[in-house]
1. Given R₀ = 51 Å, what would the calculated FRET efficiency be for Ala100 paired with Thr300, taking r from the Cβ atoms and rounding to 0.05?
2. Based on the Kirkwood radius over alpha-carbon pairs, what is the Stokes-Einstein translational diffusion coefficient of segment 106-150 at 10 °C with 1.306 mPa s viscosity, in µm²/s?
3. Mind computing the radius of gyration and Dmax over the alpha-carbon atoms of segment 80-173? Å is fine for both.
4. Roughly how much of Ile16 is accessible, in Å² to the nearest 10, using a 1.4 Å probe?
5. Once you place label points 7 Å from the Cα toward the Cβ at Lys20 and Ser238, how far apart are they in nm?
6. Could you order the peptides 73-82, 291-300 from most to least packed, using the average number of other C-beta atoms within 10 Å per residue?
7. Sequence-distant or interchain residues sharing an amide H contact under 5 Å with Ile136, placed H: which?
8. Sticking with the crude label model, points 7 Å out along Cα→Cβ, report the distance from Ala333 to Asn245 in nm, one decimal please.
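The values are calculated or read from the model by the stated rules, or taken from the named source; none is laboratory data. Predicted model only: the values in this text are computed from it and were never measured. Here the Cβ is made from the backbone with ideal geometry for all residues, glycine too, and neighbour counts use every protein chain on show. Side chains are part of the model used for accessible areas, which takes the heavy atoms of the whole protein and leaves out ligands, DNA and RNA. Shrake-Rupley method; radii C 1.70, N 1.55, O 1.52, S 1.80 Å.
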Amino acid sequence: MLAIPFPWYTLSILLILLLKICRQRPAGYRNSAIFITGCSLLLMMSALRWQFDLIKLRQLQSVMAITLPPLAWHCFACFTGQRLQQKVAAFVGPPTLALALNLIAPATTDVVLMLLYIGYGCALIRMALQGSDTFIFRRFSDNASTSSRAFIAGGFLCFSGLADLVIALNFHFYQGQQAPQVIAISQAILLPFVCFAIVGSSHPPLVVREPVLPPEEIKEDNSETFLSTYQRVNTLISEQNLYLNPDLTLNALARKTGVPARQISKAVNLTRGCNVSQWINGFRIDFAQQLLRNTALPVTEVMLEAGFATKSNFHREFLRISGMTPTDYRRTAAESRGTD
């Protein structure tokens, strides 16, 4: 019987998930596959180190542990409008410094790993709390779930950083007697959750090939400017029925209108008190209500015609805006016509 059930058991789950992704090859599977491979190798190193406490295994484990936080962060950052130079600096800088410290001053490894995991974890949480409009390359129907998954991944990276702190304290006070158990249990809890969060948001940025209007410069921050921006974008969306496109993204909307994505987001937030995703869904729900009142189309077809990609998102937004389900809305509308 193996001495460490937790790492090997978790490793088998990750390998099954990796095999499934590689066989099905969903859109954007490469980022997910790379991250899961890294997690699997780290778990394998942890399990082997448990049985064979070799210096080389310890070094390899540290190097692999350093690479995971930036990989997790990149899987979400690639959907944001952050500049390429900033993304590269955030992706390469901290792990390079951590690796250098690991080689020059190995005694600092535990502290460095703790700071690295908590740092990237907090960056993911901050990214999620900025709102769904942060992910301008994600279609609106996926923005909310992407924010949730980024928050979950960030939370578990912070959890891992705190686990590293516990391990460091255990070495300081108890010569690391409980460290292997803490490592095994924390990784068994941590890695599957982070992997499933990343797999759930693995679709690549949508490339929209549309005529591009020259973008406007962001004007000074005043209510009249943002009201004008809102009215302009609102008119374009209404006249061209852009909301009916299920793959519509904030980036595509910015390209179509010639208005920077950040300015659209702020204009909608200040004018309507909601994010762009909720605003677009308002158009879609209004269109769905018209279909429910005036046609006999099944609810699923109404959902697709209105520009929604998933039933869960359609029903959630319909209930939020209408206060009732699509079926109840259709029945209420029919009863109202019957009494007239």
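1. Efficiency, from the Cβ-Cβ distance: 0.40.
2. In µm²/s, the coefficient is 135.
3. Considering segment 80-173 through its Cα atoms, Rg and Dmax are 15.7, 50 Å.
4. 120 Å²
5. 4.5 nm
6. Descending mean neighbour count gives 73-82, 291-300.
7. Hits under the 5 Å cutoff: Gly81.
8. Rounded to a tenth, the inter-label distance reads 2.6 nm.
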